[in-house]
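A.B. asks: Below is a structure I'd like to ask you about.
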Amino acid sequence: MSTISKILLEKAREYIDNNVVIEDFVIGIGLTAVKLSDGRAGVAFTNKQDTLGKCEEFYRCMGLDGDLESKAEVGMTALELLEMGLFSGDPLLRSVAYATLNAVFNFNSDRFVRGDVMEHLQVNESDIVGMVGEIEPLANAWKDKVWDLLIFDRNRRRDNIFPDWAIVDLLPKCTVVVITGSAIVNGTIDWVLKYVRTNRTAIVGPSTPLIEGVFPVEILAGVYIKDPEILFDLVSKGAGTKKIIRSGAAEKVNIIQKSAGEHFYQV
């Protein structure tokens, strides 16, 4: 059975060839950014939570002389990086690969619906909202408008956040589900989607691949990169999602999939 990563790679092949190479990349504190040789750029969550915390973790020893080599190189083809990184167990290499994937899908902004996901995913007082990965702006906006808000996170910071293993029993009860795009980068998205029992589902955040027909959800809410130069400058200085949007380097956009759950990859 194909995984979502495999489906995404096949989709990416439709929009690039071996002439498209990695022009540059930067791994920031919160985001990783990639620029392609044809001008497209993309970002993804930097998965530092799963690293070992070593200062040169993205470099590996090569040869008898002990020289260090980056796990991804400027000048390699985008396809080569995707084929290597989308399925890697290395958290930082996956971050670079998914930023590359999002660069591939950063085209034709007219196909997107502008605005925040809250404008397109409505909730009411009878809803039980499941949030996979804490998304603070959504949690703060919805907590007093719904019957219950269940937040699941691998890195719990408060006692009212459930560990991710609670998804198995609690997520199927939710009438609205919002999943952070970082679940795609860290490889848990296939597992999470198995426990979704509602079409009112969105994948949210800058890591979200903006491509139709892959995810069985109603809304894909990500970012469209408008200015790669500003993006790279900000990410290299530790900026996060809020800053790259406010600077004009990126804007919030959505893909609304009216037939969510039909004719899509089935988990």
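Conditions (1) charged (D, E, K, R); (2) at pLDDT 95 or above; (3) surrounded by fewer than 24 Cβ atoms within 10 Å (Cβ to Cβ); (4) within 27 Å of R114 (Cα to Cα), marked per residue:
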residue	(1), (2), (3), (4)
D169	yes, yes, yes, no
T175	no, yes, yes, yes
V178	no, yes, no, yes
L193	no, yes, yes, yes
I219	no, yes, yes, yes
E229	yes, yes, yes, yes
D233	yes, yes, yes, yes
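A.B. asks: Kindly indicate which of V123, V178 is of a type in the set (V, I, T) and in a loop (DSSP other than H, G, I, E, B).
C.D. replies: Being of a type in the set (V, I, T) and in a loop (DSSP other than H, G, I, E, B) holds for just one of V123, V178, which is V123.
A.B. asks: Condition first: at pLDDT 95 or above, more than 12 Å from the chain's Cα centre (by Cα) and either among the charged types (D, E, K, R) or surrounded by fewer than 16 Cβ atoms within 10 Å (Cβ to Cβ) (or both). Can you find one or more residues in segment 184-191 that meet it?
C.D. replies: Yes - at least one qualifying residue is present in segment 184-191.
A.B. asks: Does any residue of segment 126-139 turn out to be at pLDDT 95 or above, surrounded by fewer than 20 Cβ atoms within 10 Å (Cβ to Cβ) and either of a type in the set (D, E, K, R) or out of contact with any Phe, Trp or Tyr (no Cβ under 9 Å at 6 or more places or on another chain) (or both)?
C.D. replies: yes
A.B. asks: Residue check: is D190 out of contact with any Cys (no Cβ under 6 Å at 6 or more places or on another chain), assigned to a helix (DSSP H, G or I) and not assigned by TED's automatic domain parsing to the domain that holds H120?
C.D. replies: Taking the combined requirement at face value, the residue does not satisfy it.
A.B. asks: Select from segment 89-106 the residues that are outside any helix (DSSP H, G or I) and either surrounded by 19 or more Cβ atoms within 10 Å (Cβ to Cβ) or modelled with pLDDT of 95 or more (or both) and write down the one among them that is farthest from the chain's Cα centre (by Cα).
C.D. replies: D90
A.B. asks: Return the residues of segment 49-88 that are at pLDDT 70 or above and in a helix (DSSP H, G or I); say none if nothing qualifies.
C.D. replies: Result: Q49, A78, L79, E80, L81, L82, E83, M84, G85.
So that you can scan it fast, the table gives a plain yes or no per residue for (1) assigned by TED's automatic domain parsing to the domain that holds L8; (2) aliphatic (A, V, I, L, M):
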| site | (1), (2) |
| --- | --- |
| G89 | yes, no |
| A103 | yes, yes |
| L121 | no, yes |
| I161 | no, yes |
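The values are calculated or read from the model by the stated rules, or taken from the named source; none is laboratory data. In this text the structure is predicted, and so the values were computed from the model without any measurement. Note that we place each Cβ from the backbone using ideal geometry, even for glycine, and neighbour counts take in every protein chain shown.
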